[in-house]
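Chemist: Structure incoming, see below.
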Ligand SMILES: [NH3+][C@H]1C[C@H](O)[C@@H](O)[C@@H]1CO
């Protein structure tokens with residue numbers, strides 16, 4: 001489950017290294033508009049509404065004024081997203097636009113550098129500029145650092161010799177600094193973060209949110225068409241999590257992410273509700289239904305028959321992306337009254353245009369009653385570790401009536417049973433929570449005839465700037481911190497099996513939970529011990545002849561043991577050989593997630 005929150009996209013998996021790269025959605029002539037930028041030496045910098053902007057989508061530019069009588073290098077720098085990872089094995093691609101607002105006789109070099117906050121230069125390039133350049137001109141340079149500092153306290157800088165540029169004014173726009181990306185995709189993904197997620201072998205990617213789809217207001221809702229095409233044509237928006245989204249990670253980039261990580265999208269469309277509790281009136285939904293149809297056609301349409309699909313083709317992907325599931329809104333149990341008509345119109349129209357798509361409702365199952373009757377619901381639960389253990393049998397009692405469930409967001413977030421969103425919330429997942437989630441997940445496996453998908457949420461968190469915790473994977477400018485819940489998700493994902501094998505049922509409300517699956521040649525036993533004591537189990541595998549040794553991969557620790565920037569590898573999965581037979585015993589440690597793999601003869 002992905003959404004642009006906690007810098008998951010910008011400053012996270014989107015590989016752009018410069019923060020506030022295009023001064024999108026800021027108020028010109030304010031100090032705040034310059035966030036992440038700072039002047040160097042005596043330069044004067046200001047974000048202005050450019051008289052001739054680079055594009056309609058990017059009205060602002062950075063005005064650099066070099067005072068008369070100055071000397072030495074003057075200019076400005078960008079601190080990145082709380083640091084810039086400088087790696088000598090990488091070649092960085094830097095770019096920006098510049099122009100002189102009025103012709104001048106200046107002729108000289110702009111020096112583009114990667115340097116430490118104390119002035120150590122790691123990479124430098126120069127580009128000649130002339131004062132006769134009065135229209136926007138793009139500069140593209142490569143930067144190859146000569147060393148890899150451990151510290152990420154580094155800046156991207158653009159400077160000019162103050163003496164020779166004395167009294168000059170230069171405008172700049174649309175900066176960008178990219179390292180190499182995951183699978184080399186242009187405008188792509190941060191390699192280490194993408195690899196971490198790829199190694200979880202996820203099957204699907206829910207996008208674009210979560211709350212970040214909805215907008216804190218109607219005007220700031222997520223709109224697919226504002227997130228595609230040339231980066232200079234993307235205005236960005238104030239996201240739902242207190243920071244501006246560049247939308248450089250837009251709908252096409254999301255689809256490429258799915259393609260590159262071999263996942264399929266579960267794509268949401270805006271469904272007429274924003275978080276200020278505003279619902280589009282029933283008789284005014286048509287334009288937003290059309291926008292949703294266009295969004296879907298951008299992903300799967302025929303370029304010869306649909307403009308959005310033709311746009312996709314023009315951007316380099318003529319063939320449709322695989323798309324089965326479309327979610328109508330997000331958490332519309334907050335607005336279930338209007339969802340009654342919003343669902344009716346969105347689902348009615350979308351299923352008429354795209355009859356093969358599986359539409360997912362986001363209100364509570366069957367409450368309210370919706371028409372057409374949803375065949376798919378997205379359930380969310382944020383609760384205590386104990387709740388997850390106690391609800392391992394949550395879906396066992398669900399009626400088998402042709403309805404399928406997506407456990408779209410779930411996580412153990414707090415041990416505060418009276419208010420999980422109050423005091424006592426977890427900043428990082430811990431083993432009490434992760435073993436509770438594992439107990440719940442054994443129930444999802446047991447009920448996988450009706451639970452078609454499940455995803456922990458939220459996914460990513462920049463430890464320098466975050467709003468919601470805990471998250472599956474944390475990171476800073478150079479490191480990735482997979483949590484105990486990440487390893488739990490990974491253990492279940494890479495040991496999925498293809499068939500559920502009925503077994504003795506765990507005790508409801510107990511502390512020990514398991515599920516048994518198999519693929520062709522291996523029986524896979526997942527065990528969650530949510531209690532404070534190790535538990536011995538006896539397994540009888542009747543009518544299956546197994547080899548005498550198998551493997552056990554165990555994730556265990558104390559209740560509050562947790563991976564964090566301070567203790568990044570406090571709890572890691574450990575795999576060992578175990579003795580197996582038609583009947584064998586296994587002891588699950590306290591607060592543990594265990595996966596036994598038993599080879600079948
Ligand atoms: N409030 C949660 C529910 C919403 O769907 C997400 O954006 C938030 C964090 O995962």
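The values are calculated or read from the model by the stated rules, or taken from the named source; none is laboratory data. Remember, it's a predicted structure, so these values are computed and weren't measured experimentally. Cβ coordinates were reconstructed from backbone atoms using ideal geometry, including for glycine residues, and neighbour counts include every protein chain displayed.
Chemist: Give the residue that is nearest to the ligand (Cβ to nearest atom), with candidates limited to residues of segment 202-219 that are closer than 16 Å to residue 295 by Cβ and part of a helix (DSSP H, G or I).
Modeler: So, considering only residues that are closer than 16 Å to residue 295 by Cβ and part of a helix (DSSP H, G or I), the one nearest to the ligand (Cβ to nearest atom) is 212.
Per-residue answers, yes or no, for (1) under 24 Å from residue 390 (Cβ atoms); (2) part of a loop (DSSP other than H, G, I, E, B); (3) more than 15 Å from the ligand (Cβ to nearest atom):
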site	(1), (2), (3)
432	yes, no, yes
437	yes, no, no
487	yes, no, yes
490	no, no, yes
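Chemist: Answer yes or no: is there a residue in segment 316-338 that is touching a residue at least 60 places away in the same chain (Cβ under 8 Å) and on the phi > 0 side of the Ramachandran plot.
Modeler: yes
Chemist: So for segment 455-470 (the condition being part of a loop (DSSP other than H, G, I, E, B) and in contact with a strand residue (DSSP E or B) (Cβ under 6 Å, 6 or more places away or on another chain)), does at least one residue qualify?
Modeler: Taking segment 455-470 and keeping what is part of a loop (DSSP other than H, G, I, E, B), we get 457-459, 463-464, 466-470.
Adding the requirement that they be in contact with a strand residue (DSSP E or B) (Cβ under 6 Å, 6 or more places away or on another chain) leaves 457, 463.
Yes; the residues of segment 455-470 include at least one that is part of a loop (DSSP other than H, G, I, E, B) and in contact with a strand residue (DSSP E or B) (Cβ under 6 Å, 6 or more places away or on another chain).
Chemist: Looking only at segment 290-307, count every residue that is touching a residue at least 24 places away in the same chain (Cβ under 8 Å) and more than 19 Å from residue 266 (Cα to Cα) and tell me the total.
Modeler: 0
Chemist: So which residues in segment 225-270 are away from the ligand (no atom under 16 Å from the Cβ) and part of a strand (DSSP E or B), if there are any at all?
Modeler: Within segment 225-270, 244, 264, 265 meet the criteria.
Chemist: Sticking with this structure for a sec: Among (1) within 16 Å of the ligand (Cβ to nearest atom); (2) surrounded by 23 or more Cβ atoms within 10 Å (Cβ to Cβ); (3) not in a loop (DSSP other than H, G, I, E, B), which single condition is residue 222 missing?
Modeler: (3)
Chemist: Out of all the residues in segment 29-39, is one or more part of a loop (DSSP other than H, G, I, E, B) and touching a helix residue (DSSP H, G or I) at 6+ places or on another chain (Cβ under 9 Å)?
Modeler: Scanning segment 29-39 turns up no residue that is part of a loop (DSSP other than H, G, I, E, B) and touching a helix residue (DSSP H, G or I) at 6+ places or on another chain (Cβ under 9 Å).
Chemist: Okay, next question. Restricting attention to segment 155-171, does a residue exist that is modelled with pLDDT of 95 or more and farther than 30 Å from residue 29 by Cα?
Modeler: No, because not a single residue in segment 155-171 is modelled with pLDDT of 95 or more and farther than 30 Å from residue 29 by Cα.
Chemist: With the structure loaded, tell me whether residue 277 is closer than 21 Å to residue 6 by Cα and within 16 Å of the ligand (Cβ to nearest atom) or whether it fails that test.
Modeler: no
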